[in-house]
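The values are calculated or read from the model by the stated rules, or taken from the named source; none is laboratory data. All figures in this text were calculated on a predicted structure; none of them were measured in a lab. Quick reminder, even Gly has a Cβ in these numbers, built from the backbone with ideal geometry, and neighbours come from all protein chains shown. We work out accessible area using only protein heavy atoms, side chains counted, and drop any ligands, DNA or RNA first. Shrake-Rupley method; radii C 1.70, N 1.55, O 1.52, S 1.80 Å.
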Amino acid sequence: MLTNLTLTDAQTKLRAGAITAVELTQAHLDRIQAVDPQVKAYLTITEERALEAAAQADQRRTEGEDTPLLGIPLAIKDVLMTQGVPTTCGSRILEGFIPPYTGTAVQNLFDAGAIMLGKTNTDEFAMGSSTENSGFFTTHNPWDLDRVPGGSSGGSAAAVAARMALGALGTDTGGSVRQPASFCGVCAIKPSYGRVSRYGLIAFASSLDQIGAFGRTVEDMAVLLGTIAGHDPRDSTSMQEPVPDYTAALTGDIQGLRVGVPKEYFIDGMQPEVEQAVRAAIEQLAALGADIREISLPHTEYALPVYYLVAPSEASANLARFDGVRYGPRESQGAMWPTYKATRGERFGPEVKRRIMLGTYALSAGYYDAYYLKAQKVRTLIKQDFDQAFADVDVIAAPTAPTTAFKIGEKADDPLQMYLSDVFTLSASLAGIVGAVIPCGVDGANLPIGLQLLGAAFDEPTVLRAAHAYQQATDWHTRAPEL
Ligand code: GLN
(Lines give C-alpha, C1' and ligand atoms only; values in the text may rest on other atoms or scores of the structure.)
Protein backbone atom coordinates (compact mmCIF):
# COMPACT_ATOMS: atom_id res chain seq x y z
CA MET A 1 0.00 0.00 0.00
CA LEU A 2 1.32 3.41 -0.97
CA THR A 3 0.14 4.86 2.33
CA ASN A 4 2.54 2.58 4.22
CA LEU A 5 5.59 4.13 2.59
CA THR A 6 7.76 6.43 4.64
CA LEU A 7 8.16 9.94 3.29
CA THR A 8 11.72 9.24 2.22
CA ASP A 9 10.76 5.97 0.49
CA ALA A 10 8.02 7.82 -1.35
CA GLN A 11 10.56 10.44 -2.45
CA THR A 12 12.79 7.72 -3.88
CA LYS A 13 9.91 6.06 -5.74
CA LEU A 14 8.67 9.37 -7.14
CA ARG A 15 12.16 10.23 -8.34
CA ALA A 16 12.58 6.84 -9.96
CA GLY A 17 9.23 7.19 -11.74
CA ALA A 18 7.94 4.05 -9.98
CA ILE A 19 4.88 5.96 -8.72
CA THR A 20 3.24 9.27 -9.54
CA ALA A 21 2.22 12.08 -7.22
CA VAL A 22 -1.38 11.62 -8.36
CA GLU A 23 -1.33 7.93 -7.38
CA LEU A 24 0.28 8.71 -4.05
CA THR A 25 -2.15 11.53 -3.28
CA GLN A 26 -5.18 9.53 -4.38
CA ALA A 27 -4.07 6.63 -2.16
CA HIS A 28 -3.98 8.99 0.82
CA LEU A 29 -7.35 10.52 -0.02
CA ASP A 30 -8.82 7.00 -0.27
CA ARG A 31 -7.29 6.11 3.07
CA ILE A 32 -8.76 9.28 4.60
CA GLN A 33 -12.15 8.37 3.22
CA ALA A 34 -11.85 4.86 4.64
CA VAL A 35 -10.60 5.59 8.16
CA ASP A 36 -11.12 9.24 8.99
CA PRO A 37 -14.82 8.83 9.74
CA GLN A 38 -13.59 6.87 12.80
CA VAL A 39 -10.40 8.76 13.63
CA LYS A 40 -11.61 12.30 12.80
CA ALA A 41 -8.14 13.73 12.36
CA TYR A 42 -9.09 16.24 9.67
CA LEU A 43 -11.21 19.36 10.06
CA THR A 44 -10.97 20.15 6.35
CA ILE A 45 -10.01 17.81 3.52
CA THR A 46 -8.77 19.66 0.44
CA GLU A 47 -9.26 16.86 -2.02
CA GLU A 48 -9.68 18.79 -5.23
CA ARG A 49 -6.82 21.12 -4.50
CA ALA A 50 -4.56 18.19 -3.54
CA LEU A 51 -5.25 16.30 -6.76
CA GLU A 52 -4.64 19.43 -8.83
CA ALA A 53 -1.35 20.05 -7.03
CA ALA A 54 -0.39 16.40 -7.54
CA ALA A 55 -1.05 16.60 -11.28
CA GLN A 56 1.09 19.73 -11.42
CA ALA A 57 3.85 18.00 -9.45
CA ASP A 58 3.87 15.13 -11.96
CA GLN A 59 3.95 17.60 -14.82
CA ARG A 60 6.84 19.50 -13.27
CA ARG A 61 8.75 16.28 -12.76
CA THR A 62 8.42 15.37 -16.44
CA GLU A 63 9.92 18.80 -17.14
CA GLY A 64 12.99 17.83 -15.13
CA GLU A 65 12.14 19.59 -11.87
CA ASP A 66 13.13 17.79 -8.66
CA THR A 67 12.45 19.87 -5.55
CA PRO A 68 12.87 17.90 -2.29
CA LEU A 69 9.17 17.32 -1.51
CA LEU A 70 7.81 17.27 -5.06
CA GLY A 71 4.56 15.27 -4.88
CA ILE A 72 4.65 14.44 -1.15
CA PRO A 73 1.19 14.60 0.53
CA LEU A 74 1.15 16.14 4.02
CA ALA A 75 -1.30 17.30 6.67
CA ILE A 76 -1.27 20.76 8.25
CA LYS A 77 -2.51 21.69 11.71
CA ASP A 78 -5.39 24.10 11.54
CA VAL A 79 -3.63 26.87 13.47
CA LEU A 80 -1.39 27.49 10.43
CA MET A 81 -2.73 29.95 7.90
CA THR A 82 -3.36 28.63 4.40
CA GLN A 83 -4.50 31.06 1.74
CA GLY A 84 -7.94 30.25 0.39
CA VAL A 85 -8.43 27.27 2.74
CA PRO A 86 -10.43 27.60 5.99
CA THR A 87 -8.24 27.98 9.09
CA THR A 88 -10.13 27.78 12.36
CA CYS A 89 -7.67 27.00 15.20
CA GLY A 90 -10.31 24.47 16.22
CA SER A 91 -12.45 27.41 17.36
CA ARG A 92 -15.97 28.39 16.44
CA ILE A 93 -14.83 32.01 16.69
CA LEU A 94 -12.91 31.42 13.45
CA GLU A 95 -15.51 29.17 11.81
CA GLY A 96 -15.38 29.82 8.07
CA PHE A 97 -12.37 32.14 8.29
CA ILE A 98 -10.37 32.05 5.07
CA PRO A 99 -6.86 33.48 5.43
CA PRO A 100 -5.62 35.94 2.84
CA TYR A 101 -2.09 34.51 2.92
CA THR A 102 -0.10 31.36 3.66
CA GLY A 103 2.37 31.30 6.56
CA THR A 104 6.08 30.88 5.94
CA ALA A 105 6.58 27.29 7.14
CA VAL A 106 3.68 26.00 5.04
CA GLN A 107 4.78 28.10 2.08
CA ASN A 108 8.27 26.58 2.38
CA LEU A 109 6.67 23.13 2.10
CA PHE A 110 4.68 24.21 -0.95
CA ASP A 111 7.79 25.74 -2.54
CA ALA A 112 9.53 22.39 -2.03
CA GLY A 113 6.66 20.73 -3.93
CA ALA A 114 4.60 19.29 -1.05
CA ILE A 115 0.88 18.66 -1.41
CA MET A 116 -1.58 19.58 1.34
CA LEU A 117 -4.24 16.92 1.98
CA GLY A 118 -6.11 19.02 4.52
CA LYS A 119 -6.12 20.79 7.85
CA THR A 120 -6.00 18.80 11.06
CA ASN A 121 -7.95 19.04 14.27
CA THR A 122 -6.58 20.72 17.37
CA ASP A 123 -7.63 21.78 20.82
CA GLU A 124 -9.11 25.26 20.50
CA PHE A 125 -6.23 27.70 19.90
CA ALA A 126 -3.87 24.81 20.77
CA MET A 127 -4.94 24.93 24.42
CA GLY A 128 -5.16 21.37 25.61
CA SER A 129 -3.63 17.92 25.65
CA SER A 130 -6.33 15.72 24.11
CA THR A 131 -8.13 17.54 21.20
CA GLU A 132 -11.26 17.31 23.35
CA ASN A 133 -11.16 21.11 23.55
CA SER A 134 -11.74 21.40 19.80
CA GLY A 135 -14.83 23.48 19.11
CA PHE A 136 -15.88 20.96 16.45
CA PHE A 137 -15.21 17.35 17.49
CA THR A 138 -12.72 15.13 19.29
CA THR A 139 -10.07 13.19 17.39
CA HIS A 140 -9.70 9.51 18.30
CA ASN A 141 -6.46 7.66 18.90
CA PRO A 142 -5.86 5.26 15.96
CA TRP A 143 -4.51 2.63 18.39
CA ASP A 144 -7.70 2.62 20.46
CA LEU A 145 -10.63 4.68 19.26
CA ASP A 146 -11.93 5.13 22.83
CA ARG A 147 -8.79 7.05 23.72
CA VAL A 148 -7.49 10.54 23.01
CA PRO A 149 -4.69 11.10 20.49
CA GLY A 150 -3.11 13.68 22.79
CA GLY A 151 -2.99 17.32 21.93
CA SER A 152 -3.11 19.91 20.96
CA SER A 153 -1.74 18.68 17.61
CA GLY A 154 -3.75 15.46 17.99
CA GLY A 155 -5.16 15.59 14.46
CA SER A 156 -1.70 15.75 12.89
CA ALA A 157 -0.32 12.96 15.08
CA ALA A 158 -3.33 10.72 14.42
CA ALA A 159 -3.21 11.39 10.67
CA VAL A 160 0.44 10.32 10.47
CA ALA A 161 -0.10 7.28 12.72
CA ALA A 162 -3.17 6.15 10.76
CA ARG A 163 -1.37 6.46 7.40
CA MET A 164 -3.55 9.39 6.32
CA ALA A 165 -0.47 11.54 5.52
CA LEU A 166 3.25 10.91 5.03
CA GLY A 167 4.08 13.66 7.51
CA ALA A 168 2.50 16.67 9.12
CA LEU A 169 3.09 20.03 10.73
CA GLY A 170 1.98 20.77 14.26
CA THR A 171 2.76 23.42 16.81
CA ASP A 172 4.20 23.10 20.29
CA THR A 173 3.80 25.71 23.01
CA GLY A 174 4.23 23.40 25.99
CA GLY A 175 4.27 19.92 24.46
CA SER A 176 1.70 19.93 21.70
CA VAL A 177 3.72 18.05 19.11
CA ARG A 178 5.63 15.84 21.57
CA GLN A 179 2.81 14.54 23.76
CA PRO A 180 0.51 13.53 20.84
CA ALA A 181 3.48 11.92 19.05
CA SER A 182 4.03 9.84 22.17
CA PHE A 183 0.33 8.90 22.43
CA CYS A 184 0.05 8.00 18.74
CA GLY A 185 3.39 6.21 18.30
CA VAL A 186 4.96 8.55 15.76
CA CYS A 187 8.05 10.79 15.68
CA ALA A 188 7.96 14.54 16.20
CA ILE A 189 10.32 17.39 16.78
CA LYS A 190 9.80 20.73 18.46
CA PRO A 191 12.69 22.80 17.18
CA SER A 192 14.48 25.49 19.20
CA TYR A 193 12.59 28.74 19.68
CA GLY A 194 13.51 30.89 16.68
CA ARG A 195 14.45 28.00 14.38
CA VAL A 196 11.22 28.13 12.35
CA SER A 197 9.31 31.27 11.40
CA ARG A 198 6.03 31.79 13.24
CA TYR A 199 4.69 34.05 10.49
CA GLY A 200 1.21 32.78 9.70
CA LEU A 201 0.96 30.73 12.89
CA ILE A 202 -2.05 32.10 14.75
CA ALA A 203 -0.50 32.99 18.11
CA PHE A 204 -1.32 31.29 21.40
CA ALA A 205 1.70 32.24 23.56
CA SER A 206 4.22 34.05 21.40
CA SER A 207 7.32 33.51 23.55
CA LEU A 208 6.71 29.73 23.51
CA ASP A 209 5.00 28.82 20.22
CA GLN A 210 7.09 26.87 17.70
CA ILE A 211 6.06 24.96 14.59
CA GLY A 212 7.21 21.34 14.61
CA ALA A 213 7.16 18.34 12.30
CA PHE A 214 5.69 14.83 12.54
CA GLY A 215 6.97 11.82 10.64
CA ARG A 216 7.02 8.05 10.95
CA THR A 217 10.83 8.00 11.03
CA VAL A 218 13.52 10.35 12.28
CA GLU A 219 14.74 10.71 8.72
CA ASP A 220 11.27 11.88 7.61
CA MET A 221 11.05 14.52 10.29
CA ALA A 222 14.61 15.66 9.55
CA VAL A 223 13.60 16.26 5.93
CA LEU A 224 10.53 18.26 6.98
CA LEU A 225 12.44 20.28 9.56
CA GLY A 226 15.11 21.13 6.99
CA THR A 227 12.39 22.48 4.71
CA ILE A 228 10.58 24.67 7.25
CA ALA A 229 13.59 25.98 9.23
CA GLY A 230 15.40 29.22 8.61
CA HIS A 231 15.38 32.95 9.02
CA ASP A 232 12.34 34.89 7.88
CA PRO A 233 12.31 38.69 7.73
CA ARG A 234 8.60 38.53 8.61
CA ASP A 235 9.30 37.01 12.04
CA SER A 236 11.85 38.99 14.01
CA THR A 237 12.24 36.12 16.50
CA SER A 238 13.43 33.75 13.78
CA MET A 239 17.19 33.40 14.05
CA GLN A 240 19.75 34.29 11.39
CA GLU A 241 21.66 31.04 12.09
CA PRO A 242 22.21 28.97 8.91
CA VAL A 243 20.15 25.77 8.61
CA PRO A 244 22.36 22.68 8.89
CA ASP A 245 21.81 19.64 6.68
CA TYR A 246 19.74 17.61 9.12
CA THR A 247 19.82 14.40 7.12
CA ALA A 248 23.62 14.55 6.99
CA ALA A 249 23.53 14.51 10.80
CA LEU A 250 22.01 11.01 10.76
CA THR A 251 25.28 9.13 10.85
CA GLY A 252 24.09 6.25 13.03
CA ASP A 253 27.09 6.80 15.30
CA ILE A 254 26.55 7.83 18.92
CA GLN A 255 29.77 6.40 20.31
CA GLY A 256 30.74 8.53 23.32
CA LEU A 257 27.61 10.70 23.14
CA ARG A 258 26.92 11.98 26.65
CA VAL A 259 23.28 11.34 27.56
CA GLY A 260 21.85 12.90 30.72
CA VAL A 261 18.99 11.27 32.60
CA PRO A 262 17.25 13.83 34.83
CA LYS A 263 16.15 12.34 38.11
CA GLU A 264 13.23 14.81 38.38
CA TYR A 265 11.60 13.19 35.33
CA PHE A 266 10.94 9.87 37.01
CA ILE A 267 8.22 10.66 39.49
CA ASP A 268 5.73 8.94 41.73
CA GLY A 269 2.43 8.43 40.02
CA MET A 270 3.80 7.82 36.56
CA GLN A 271 2.68 4.66 34.79
CA PRO A 272 5.30 1.98 35.60
CA GLU A 273 5.31 0.68 32.02
CA VAL A 274 6.26 4.16 30.78
CA GLU A 275 9.23 4.30 33.12
CA GLN A 276 10.29 0.77 32.16
CA ALA A 277 10.13 1.49 28.42
CA VAL A 278 12.05 4.75 28.75
CA ARG A 279 14.72 3.12 30.94
CA ALA A 280 15.05 0.29 28.43
CA ALA A 281 15.48 2.84 25.63
CA ILE A 282 18.25 4.53 27.61
CA GLU A 283 19.96 1.13 28.00
CA GLN A 284 19.70 0.72 24.26
CA LEU A 285 21.47 4.07 23.78
CA ALA A 286 24.17 2.82 26.17
CA ALA A 287 24.51 -0.37 24.13
CA LEU A 288 25.10 1.82 21.08
CA GLY A 289 28.03 3.48 22.82
CA ALA A 290 26.42 6.41 24.62
CA ASP A 291 27.80 7.50 27.97
CA ILE A 292 24.80 7.67 30.36
CA ARG A 293 24.91 10.07 33.31
CA GLU A 294 22.35 10.92 35.95
CA ILE A 295 21.72 14.66 36.06
CA SER A 296 19.51 17.06 37.98
CA LEU A 297 17.22 19.80 36.67
CA PRO A 298 16.32 21.19 40.08
CA HIS A 299 13.62 23.69 39.05
CA THR A 300 11.55 21.14 37.13
CA GLU A 301 8.72 21.20 39.67
CA TYR A 302 8.08 24.89 38.92
CA ALA A 303 7.60 24.39 35.19
CA LEU A 304 3.87 23.72 35.44
CA PRO A 305 2.95 26.79 37.55
CA VAL A 306 5.32 29.01 35.53
CA TYR A 307 3.87 27.81 32.24
CA TYR A 308 0.29 28.32 33.44
CA LEU A 309 1.09 31.95 34.24
CA VAL A 310 3.20 32.83 31.19
CA ALA A 311 1.13 31.02 28.53
CA PRO A 312 -2.31 32.31 29.63
CA SER A 313 -0.93 35.83 30.07
CA GLU A 314 0.29 35.90 26.50
CA ALA A 315 -2.88 34.18 25.31
CA SER A 316 -5.09 36.79 26.96
CA ALA A 317 -3.34 39.47 24.92
CA ASN A 318 -3.15 37.48 21.67
CA LEU A 319 -6.81 36.47 21.73
CA ALA A 320 -8.05 40.03 22.28
CA ARG A 321 -8.19 40.40 18.49
CA PHE A 322 -11.04 37.90 18.16
CA ASP A 323 -14.16 39.94 18.69
CA GLY A 324 -16.23 39.39 15.57
CA VAL A 325 -15.06 42.62 13.96
CA ARG A 326 -12.24 41.58 11.67
CA TYR A 327 -12.01 37.79 11.67
CA GLY A 328 -14.61 35.08 11.66
CA PRO A 329 -18.35 35.28 12.31
CA ARG A 330 -20.08 37.98 14.35
CA GLU A 331 -22.91 37.52 16.82
CA SER A 332 -24.36 40.93 16.07
CA GLN A 333 -26.32 42.61 18.84
CA GLY A 334 -26.39 46.05 17.24
CA ALA A 335 -24.23 47.99 19.67
CA MET A 336 -20.50 47.35 20.01
CA TRP A 337 -20.11 45.99 23.57
CA PRO A 338 -23.04 43.57 23.43
CA THR A 339 -21.70 42.32 20.09
CA TYR A 340 -18.20 41.69 21.51
CA LYS A 341 -19.73 39.99 24.50
CA ALA A 342 -22.00 37.74 22.48
CA THR A 343 -19.31 36.83 19.94
CA ARG A 344 -16.66 35.99 22.54
CA GLY A 345 -19.14 34.58 25.00
CA GLU A 346 -20.80 32.20 22.57
CA ARG A 347 -17.89 31.24 20.33
CA PHE A 348 -14.95 30.71 22.69
CA GLY A 349 -14.97 27.37 24.51
CA PRO A 350 -14.56 26.98 28.29
CA GLU A 351 -10.80 26.26 28.30
CA VAL A 352 -10.04 29.34 26.20
CA LYS A 353 -12.16 31.48 28.51
CA ARG A 354 -10.39 30.01 31.54
CA ARG A 355 -7.00 30.93 30.08
CA ILE A 356 -8.08 34.45 29.14
CA MET A 357 -9.30 35.00 32.69
CA LEU A 358 -6.18 33.51 34.30
CA GLY A 359 -3.94 35.57 32.03
CA THR A 360 -5.85 38.80 32.48
CA TYR A 361 -5.67 38.34 36.23
CA ALA A 362 -1.93 37.55 36.22
CA LEU A 363 -1.21 40.69 34.19
CA SER A 364 -3.47 43.07 36.06
CA ALA A 365 -2.18 45.97 38.17
CA GLY A 366 -1.37 44.85 41.68
CA TYR A 367 -0.89 41.19 40.68
CA TYR A 368 1.64 41.53 37.87
CA ASP A 369 4.71 41.50 40.14
CA ALA A 370 3.45 38.60 42.21
CA TYR A 371 2.47 36.39 39.30
CA TYR A 372 3.66 37.27 35.81
CA LEU A 373 6.96 38.88 36.77
CA LYS A 374 7.74 36.15 39.32
CA ALA A 375 6.97 33.51 36.71
CA GLN A 376 9.37 35.15 34.25
CA LYS A 377 12.13 35.05 36.85
CA VAL A 378 11.57 31.38 37.62
CA ARG A 379 11.47 30.72 33.86
CA THR A 380 15.06 31.99 33.76
CA LEU A 381 16.02 29.53 36.53
CA ILE A 382 14.53 26.69 34.48
CA LYS A 383 16.54 27.79 31.47
CA GLN A 384 19.70 27.96 33.59
CA ASP A 385 19.13 24.36 34.75
CA PHE A 386 19.41 23.32 31.11
CA ASP A 387 22.42 25.57 30.43
CA GLN A 388 24.22 23.85 33.28
CA ALA A 389 23.14 20.39 32.20
CA PHE A 390 24.28 20.91 28.62
CA ALA A 391 27.73 21.89 29.87
CA ASP A 392 28.13 18.21 30.82
CA VAL A 393 25.88 16.25 28.47
CA ASP A 394 25.00 16.37 24.77
CA VAL A 395 21.38 15.25 25.02
CA ILE A 396 18.87 14.55 27.76
CA ALA A 397 16.70 11.42 27.65
CA ALA A 398 13.36 11.40 29.49
CA PRO A 399 9.77 10.27 29.27
CA THR A 400 7.40 12.42 27.19
CA ALA A 401 4.27 12.06 29.31
CA PRO A 402 3.60 10.28 32.62
CA THR A 403 1.08 7.90 31.02
CA THR A 404 0.03 6.46 27.71
CA ALA A 405 -3.11 7.75 25.95
CA PHE A 406 -6.01 8.18 28.37
CA LYS A 407 -9.68 7.54 27.73
CA ILE A 408 -11.82 10.16 26.02
CA GLY A 409 -13.66 12.01 28.78
CA GLU A 410 -11.36 10.78 31.55
CA LYS A 411 -9.74 14.16 32.25
CA ALA A 412 -12.07 16.45 30.33
CA ASP A 413 -13.67 17.96 33.45
CA ASP A 414 -10.48 18.26 35.47
CA PRO A 415 -8.16 20.94 34.07
CA LEU A 416 -5.36 20.23 36.56
CA GLN A 417 -5.22 16.53 35.62
CA MET A 418 -5.16 17.57 31.97
CA TYR A 419 -2.35 20.08 32.61
CA LEU A 420 -0.31 17.38 34.38
CA SER A 421 -0.07 15.34 31.20
CA ASP A 422 2.44 17.97 29.96
CA VAL A 423 4.58 17.97 33.07
CA PHE A 424 7.60 16.55 31.17
CA THR A 425 7.32 18.73 28.09
CA LEU A 426 6.73 22.22 29.50
CA SER A 427 10.31 22.89 30.67
CA ALA A 428 11.85 22.55 27.21
CA SER A 429 9.33 25.03 25.83
CA LEU A 430 10.02 27.50 28.62
CA ALA A 431 13.78 27.15 27.97
CA GLY A 432 13.41 27.40 24.17
CA ILE A 433 15.46 24.24 23.57
CA VAL A 434 15.01 21.29 21.16
CA GLY A 435 12.69 18.40 22.02
CA ALA A 436 12.11 15.32 19.91
CA VAL A 437 9.98 12.24 20.53
CA ILE A 438 10.33 8.74 19.09
CA PRO A 439 8.35 5.57 19.82
CA CYS A 440 10.16 3.33 22.32
CA GLY A 441 7.64 0.74 23.49
CA VAL A 442 4.05 -0.12 24.30
CA ASP A 443 2.11 -0.69 27.50
CA GLY A 444 0.01 -3.74 28.39
CA ALA A 445 -2.89 -2.42 26.31
CA ASN A 446 -0.61 -2.08 23.26
CA LEU A 447 -0.61 1.74 23.51
CA PRO A 448 2.53 3.53 22.33
CA ILE A 449 5.15 5.05 24.64
CA GLY A 450 7.46 7.85 23.47
CA LEU A 451 11.07 8.59 24.42
CA GLN A 452 11.79 12.31 24.69
CA LEU A 453 15.24 13.56 23.69
CA LEU A 454 16.15 17.14 24.56
CA GLY A 455 19.06 19.12 23.18
CA ALA A 456 20.60 22.56 23.63
CA ALA A 457 19.14 25.44 21.63
CA PHE A 458 19.98 25.04 17.91
CA ASP A 459 21.52 21.63 18.45
CA GLU A 460 18.82 19.82 16.45
CA PRO A 461 21.53 17.79 14.63
CA THR A 462 22.69 16.02 17.81
CA VAL A 463 19.14 15.24 18.94
CA LEU A 464 18.26 13.87 15.51
CA ARG A 465 21.47 11.82 15.39
CA ALA A 466 20.70 10.18 18.73
CA ALA A 467 17.06 9.52 17.76
CA HIS A 468 18.07 8.05 14.41
CA ALA A 469 20.74 5.78 15.95
CA TYR A 470 18.09 4.40 18.32
CA GLN A 471 15.77 3.80 15.39
CA GLN A 472 18.45 1.97 13.44
CA ALA A 473 18.68 -0.54 16.29
CA THR A 474 14.97 -0.93 17.10
CA ASP A 475 11.67 -1.34 15.26
CA TRP A 476 9.05 0.38 17.44
CA HIS A 477 8.60 3.02 14.75
CA THR A 478 7.60 0.43 12.15
CA ARG A 479 4.45 -0.67 14.02
CA ALA A 480 1.13 0.50 12.63
CA PRO A 481 -2.30 0.62 14.26
CA GLU A 482 -4.90 -1.76 12.89
CA LEU A 483 -7.82 0.14 11.48
N1 GLN B 1 -1.20 21.22 26.76
C2 GLN B 1 -0.53 22.46 26.95
C3 GLN B 1 -1.56 23.55 27.06
O4 GLN B 1 -2.68 23.23 27.18
C5 GLN B 1 0.39 22.73 25.78
C6 GLN B 1 -0.33 23.05 24.56
C7 GLN B 1 0.56 23.38 23.42
O8 GLN B 1 1.73 23.04 23.40
N9 GLN B 1 -0.01 24.11 22.46
O10 GLN B 1 -1.28 24.71 27.06
*Area of K407 that stays accessible when all protein chains are in place (1.4 Å probe, Å², to 10)*: 90
*Which value results when the Cα radius of gyration for segment 307-365 is divided by 2.2 N^0.38 Å?*
1.17
*Report, in deg cm²/dmol and to the nearest 500, the calculated mean residue ellipticity at 222 nm for the chain, where each DSSP H run with n ≥ 4 adds -39500 (n - 2.57) and the sum is divided by the residue count.*
-11500 deg cm²/dmol
*What relative contact order, as a whole-number percentage, does segment 419-483 give when Cα pairs under 8 Å and 6 or more residues apart are counted?*
28
*asked:* Taking a cut-off of 15 Å, what percent of all Cα-Cα pairs in segment 129-173 are separated by more than that?
replied: 37
*If you wrap a convex hull around the C-alpha atoms of segment 1-158 and split its volume per residue, what is the figure in Å³?*
103
*Expressed in whole Å with the largest first, what are the equivalent ellipsoid semi-axes of segment 273-312 derived from the C-alpha gyration tensor as the square root of 5 times each eigenvalue?*
30, 13, 9
*Taking N as the number of residues in segment 442-483, what value does Rg over Cα atoms divided by 2.2 N^0.38 Å take?*
1.43
*Normalised by the number of residues in segment 178-327, what is the relative contact order in percent for Cα pairs under 8 Å and 6+ residues apart?*
23
*How many Å² of accessible area per residue for segment 1-160, probe 1.4 Å?*
33
*Output the DSSP H helices from the chain with an along-axis C-alpha extent of no less than 24 Å and a mean Kyte-Doolittle hydropathy no less than -1.0.*
21-39, 374-392
*Which percent of the accessible heavy-atom area of the chain goes to carbon and sulfur, probe 1.4 angstrom?*
51
*Across all directions of projection, what mean area in square nanometres is found for the Cα convex hull of the chain?*
21.4
*Sort 171-179, 5-13, 87-95, 327-335 for me by packing, meaning the mean count of neighbouring Cβ atoms within 10 Å per residue, highest on top.*
171-179, 87-95, 5-13, 327-335
_Quick check: Cα centre of segment 429-473 to Cα centre of segment 137-175, how many Å?_
17
*Alpha-carbon centroids, segment 244-274 and segment 71-101: separation in whole Å*: 34
*Alpha carbon centroid spacing (whole Å) that separates segment 340-414 from segment 280-330*: 7
*Relative contact order (%) - criterion: Cα under 8 Å, at least six apart; region: segment 108-227*: 23
*Calculated diffusion of segment 249-362, Stokes-Einstein form, Kirkwood radius summed over Cα pairs, 10 °C and 1.306 mPa s, µm²/s*: 86
_Solvent-accessible area per residue for segment 416-483 (1.4 angstrom probe, square angstrom)_ = 28
